[in-house]
Amino acid sequence: MTAKETFDRLAAKFPQFPLGYLEGKDTAILVKGENLVGLAQHMRDDEEYDYCSSITGVDYPDRFEVVYHLYSTKKEGGPVILKVHAERENPMLPSVVSIWPTANWQEREVWDLMGIRFSGHPNLTRILMWEGFEGHPLRKDFPGSEDEYIFG
Amino acid sequence: MTQEDTVPPELKRNVFIAPVDWIYNLGRAASVWPVMFGVACCAFEMIVTVTSRFDLARFGMEFLRASPRQSELMIVSGTVTKKMAPQVVRLYDQMPEPKYVLAMGACAISGGPFKDGYNVVPGVDKLLPVNVYVPGCPPRPESLLDAILKLHKQIRAETIRTSPWYRKDADREIPVPEYGPRGLVLPKGDKS
Ligand code: SF4
C-alpha cells in the first residue's frame with residue numbers, strides 16, 4: 001500500500017481528526033497537536049500500529065516539528081509517519097507514552113536535546129545530558145558549550 | 001675501582017653489569033599492561049590487536065587488565081564524551097605509577113569528526129598527559145602495534161633521575177572534571 005493510499009484510508013476512517021498529507025521525499029501525515037493522542041489510540045487499537053519505533057524533533061525557523069514512525073508487528077508495511085507541529089515559543093505537545101511505552105525515553109530525548117515539552121509524560125527529565133545542564137543542544141540557536149580543561 | 005676488581009674471575013661469564021636505568025627500563029618496557037577500557041568504535045581495533053592474529057602478547061602486553069590498579073597503560077580507544085570524561089580521569093588516577101596514555105584514533109587525538117559537537121572532549125590531551133598519538137579512524141592494528149613499540153622506546157629512554165613519577169613528592173593526580181551548567185568545569189579548590 002502506498003503512503004497516499006494509507007492516508008486516504010485514514011482520512012476517510014477518522015473524519016473527526018483533520019489530517020494533512022505531506023508529499024516529498026518522505027511522505028507523511030500531518031496531525032494537529034490536540035488530535036495526536038486520539039489518533040494514536042485509534043492507530044494502535046484499530047489499525048494495529050503497535051510499535052512506535054522513533055520520535056524525532058526537528059528545528060525549523062518558524063516552528064518545531066515532532067516526527068513519529070509507526071510500525072505494525074501484526075501486518076506488513078510501514079512505517080506510517082506522523083508529523084506534528086509545535087510553536088517556536090514554549091513548544092508543548094501531548095505525550096503518547098500511555099499508548100506506546102517506547103515513547104517514554106524518546107520523548108525524554110526530544111525534551112533533552114530539542115526542548116519540546118510533552119504534557120502527561122510520567123517522568124520528563126533529561127536523558128542524555130546531565131541534570132543541571134542549561135539549554136537544549138540540538139536547537140539551531142544553541143550557543144555552544146564552554147568547558148574548562150586542566151590542560152589548555 | 002674497575003670491573004676487574006669487583007667481579008671474581010669465575011663469575012665474569014655469568015654476571016652482567018649495566019646501569020640501573022637500562023635494566024629497570026628493559027623490564028618495564030617488556031611488560032606494559034593496558035587497562036581494559038574502550039570508549040568507542042576504535043576499541044574494536046584494540047580488541048582485535050589482542051587476538052591471535054596480531055597477538056599483542058608478543059610485546060609483553062598479555063591481556064588487557066580488568067582493573068586500573070593492575071595496569072600501567074591506558075589506551076584511550078575512541079571518542080571521549082563529556083559525560084565520560086570524569087570516569088576517564090578517575091580511572092587514570094587509580095592507575096599506579098609509572099603510567100602512560102596512548103591516544104588512539106582521530107577522536108582521542110582531537111575530537112575527530114565530533115570536535116565541534118556539544119558533547120565531545122576535543123582531544124583526550126585536554127584531560128590527561130598523552131605519551132603516544134595514533135592517527136587513523138580507526139587506526140589499523142598494525143598502527144597500534146607500532147605505537148606500542150614507540151612507547152617501549154620512550155620507556156627505555158627514561159631515567160629515574162628525571163622521571164616525574166620517581167620522586168618522593170610525586171603527585172600526578174589529575175583533578176576530576178565535574179558537570180557544569182554550560183559544560184565541564186574543574187572542581188573547586190583545585191591546584192591549577
Ligand atoms: S577515530 Fe573513528 S573509529 Fe575511532 S572512535 Fe573516532 S570515529 Fe570511531
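A few comments on the model shown:
- Taking B:SER52, B:SER110, B:SER67 in turn, the Gaussian network model of chain B (Cα-Cα springs below 10 Å) assigns the largest fluctuation to B:SER52.
- With the convex hull of the Cα atoms taken as the outline of region B:8-73, the averaged projected area works out to 6.7 nm².
- More than 24 Å apart - percent of Cα-Cα pairs taken over the protein assembly as shown: 67
- Inter-chain neighbour count for B:177-186: the average number of beta-carbon atoms from partner chains within 10 Å of each residue's beta-carbon is 6.
- Taking each DSSP H run with n ≥ 4 as -39500 (n - 2.57) and averaging over every residue of chain A yields -6500 deg cm²/dmol at 222 nm.
- Between region B:22-60 and region A:1-48, the alpha-carbon center distance in angstrom: 56
- This model, with +1 at the C-beta of Lys and Arg and -1 at the C-beta of Asp and Glu, gives region A:3-119 a dipole about its Cα centre of some 100 debye.
- Among residues other than A:GLY132 with Cβ under 12 Å from its Cβ, the summed charge is -1 (Lys and Arg +1, Asp and Glu -1).
- For A:139-148, mean number of other protein chain Cβ atoms within 10 Å: 5
- Potential lengthening of the chain between B:ARG90 and B:PHE63 amounts to 7.6 nm, from the contour at 0.36 nm per residue minus the alpha-carbon distance.
- Proximal aspartates and glutamates to B:LYS153, defined as alpha-carbon separation beneath 20 angstrom and excluding residues fewer than eight positions away on the same chain: B:ASP21, B:ASP55, B:GLU62, B:GLU72, B:GLU97, B:GLU142
- Over chain A, relative contact order from alpha-carbon pairs under 8 Å, at least 6 apart, %: 17
- Ranking A:PHE133, A:TRP100, A:MET114 by how far each Cα lies toward the positive end of the dipole of region A:93-134 (charges on Cβ) leaves A:TRP100 at the top.
- Annotation: lysines with alpha-carbon distance below 20 angstrom to A:LYS83 (same-chain offsets under eight excluded): A:LYS4, A:LYS13, A:LYS25, A:LYS32, A:LYS140.
- Along chain B, longest interval not containing exposed chymotrypsin sites (Phe, Trp or Tyr not before Pro), exposed being DSSP loop plus at most 15 other Cβ atoms within 10 Å: B:64-164
- Scanning chain B for GluC sites (Glu not before Pro) that sit in a DSSP loop and have at most 14 other Cβ atoms within 10 Å, the longest stretch containing none of them is B:63-172.
- Principal-axis tilt of helix A:103-114 within chain A, Cα atoms, nearest 10 degrees: 50
- log₁₀ of I(q)/I(0) at q = 0.12, 0.14, 0.17, 0.18 Å⁻¹ - region B:19-160, Debye sum with one point per alpha carbon: -0.44, -0.60, -0.88, -0.98
Values in this text are rule-based calculations from the coordinates and carry no lab data. None of these values were measured; they are calculated from a predicted model. Cβ: placed from backbone, ideal geometry, glycine included. Neighbour counts: every protein chain shown.
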